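A quick write-up on the structure given underneath.
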């Protein structure tokens, strides 16, 4: 059941957090994200919105230092992979099929306390769109897009909690997939995020933030 | 210049906001988002992270009621398009090319106060990856993914500000592109978001939130 409406965050707090964040290049390897904060960030991932609510992804949190060391060369040696407090590999469902949709529908039925049969129209809409419809031709890209919503949620939530983060596309997906055994599970890595606390020496923390002019990015119609 | 670190948001506030939010089906058409809050949400879009910082997207904010009425059938008649306080069409850059990269590099040079020549390595890396490299084959999907990060940022920020939102893939992109004249500008619609305030009658506000089991979504390695 949704909770009551929260007290709105002051606008200046949002501004401060979003201008404070940057793609951290160098982490303080000695600082770990407290367990309660990490649990809140995992909840952000779980509660992320997705089309139809399908959640066509998994989040691999790499706790094992040996696995992170193996991932390092697959990420072109970017040290965030081993020095950040936490590392998440976002993996998108591959070849979304009826079996996956049925599993999701069973989950909806259970949570909402209704028979799965009563959701047949919903099921058929999803299957007709993503499994047998024209979007199936690029359903793996569709799944990746959903994972990127969760990436955005995570980056914003982390900034608000005062936790640094680095979104990372700079890795070799087939190598990461192999190290984590993702193909056998029907998933493929699409993006990563390192999280933790910036090192005092990270010169990028003080670099002016570059954005295209607002007049180019936002068009009022 | 990045600002000082903000006071971290209490974990319970994040939890409350993310469990309060849901994909709003019915909006209170009489309630408008205050200008200052909307400005903060536009800033969230502008400050969104993207690969290389390229921001291969535009955000079309549809203020004109007549345009929103024309978009309604293109979105299968979903009333959020006309009843929500605000509507944003996320449009991804199509066929990212050297010209776009040069424009971005010129922007970086200006903001950082360095000659564009000094950024040649950075420029060449981007071009070699996204324009002449293997990822160019799906660069429009790549651009869409970046836009979805901004969607995630927007959804999370809105929830924290106590503003309702609806991510929407349920529309006919070519129709939306035609109504907004996007193709001539080199962009294509990939997702929309309606924002405003839930109607008291929206039964979905009280429906239990459905998520796959955490043990399926998050894998610790």
Yes or no: segment A:157-169 includes at least one residue that is under 13 Å from residue A:59 (Cα atoms) and touching a residue at least 60 places away in the same chain (Cβ under 8 Å). no
Test for residue B:63: is it facing chain A (nearest Cβ under 8 Å) and either farther than 30 Å from residue B:106 by Cβ or free of Cβ contacts under 8 Å to residues at least 60 places away in the same chain (or both): yes
Inside segment A:124-134, can you point out the residues that are surrounded by 17 or more Cβ atoms within 10 Å (Cβ to Cβ) and modelled with pLDDT under 95? none
Could you look through segment A:40-77, keep only residues that are more than 19 Å from the chain's Cα centre (by Cα) and assigned to a loop (DSSP other than H, G, I, E, B), and pick out the one that is nearest to residue B:207 (Cα to Cα)? A:64
Condition met for residue A:129 (at the interface with another protein chain (Cβ under 10 Å from one of its Cβ atoms) and farther than 30 Å from residue A:41 by Cβ): yes
So residue B:183 clears everything in (1) surrounded by 15 or more Cβ atoms within 10 Å (Cβ to Cβ); (2) closer than 19 Å to residue B:55 by Cα except one condition, right? Which one? (1)
Determine which member of the set B:205, B:137 is more than 19 Å from the chain's Cα centre (by Cα), surrounded by fewer than 24 Cβ atoms within 10 Å (Cβ to Cβ) and at the interface with chain A (Cβ under 8 Å from one of its Cβ atoms). B:205
Can you name every residue in segment A:150-175 that is more than 10 Å from chain B (Cβ to nearest Cβ) and more than 16 Å from the chain's Cα centre (by Cα)? A:172, A:174, A:175
Residue count, segment B:97-123 (criterion: away from chain A (no Cβ under 12 Å) and either loosely packed, with under 12 Cβ neighbours inside 10 Å or more than 25 Å from residue B:187 (Cβ to Cβ) (or both)): 6
Filter result for residue B:147 (surrounded by 20 or more Cβ atoms within 10 Å (Cβ to Cβ), within 9 Å of chain A (Cβ to nearest Cβ) and assigned to a helix (DSSP H, G or I)): yes
Examine segment B:168-175 for a residue that is modelled with pLDDT of 95 or more and assigned to a strand (DSSP E or B), and state whether such a residue exists. yes
Mind checking which pairs have a first residue in segment B:93-106 that is free of Cβ contacts under 8 Å to residues at least 60 places away in the same chain and a second that is part of a strand (DSSP E or B), Cβ under 7 Å, 6 or more apart or different chains? B:100/B:93
Subset of segment A:204-221, residues in contact (Cβ under 8 Å) with a residue 24 or more places away in the chain and assigned to a helix (DSSP H, G or I), comes to A:204, A:205
Taking the residues in segment A:10-24 that are surrounded by 19 or more Cβ atoms within 10 Å (Cβ to Cβ) and in a loop (DSSP other than H, G, I, E, B) as candidates, determine which candidate is nearest to the other protein chains (Cβ to nearest Cβ). A:22
Unique match (being away from chain A (no Cβ under 11 Å), surrounded by fewer than 22 Cβ atoms within 10 Å (Cβ to Cβ), under 17 Å from the mean Cα position of the chain (by Cα) and farther than 23 Å from residue A:45 by Cβ) among B:85, B:37: B:85
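The values are calculated or read from the model by the stated rules, or taken from the named source; none is laboratory data. Quick caveat, the model's predicted, so the values are computed rather than measured. So basically every Cβ, Gly included, is an ideal-geometry build from the backbone, and we count neighbours across all protein chains shown.
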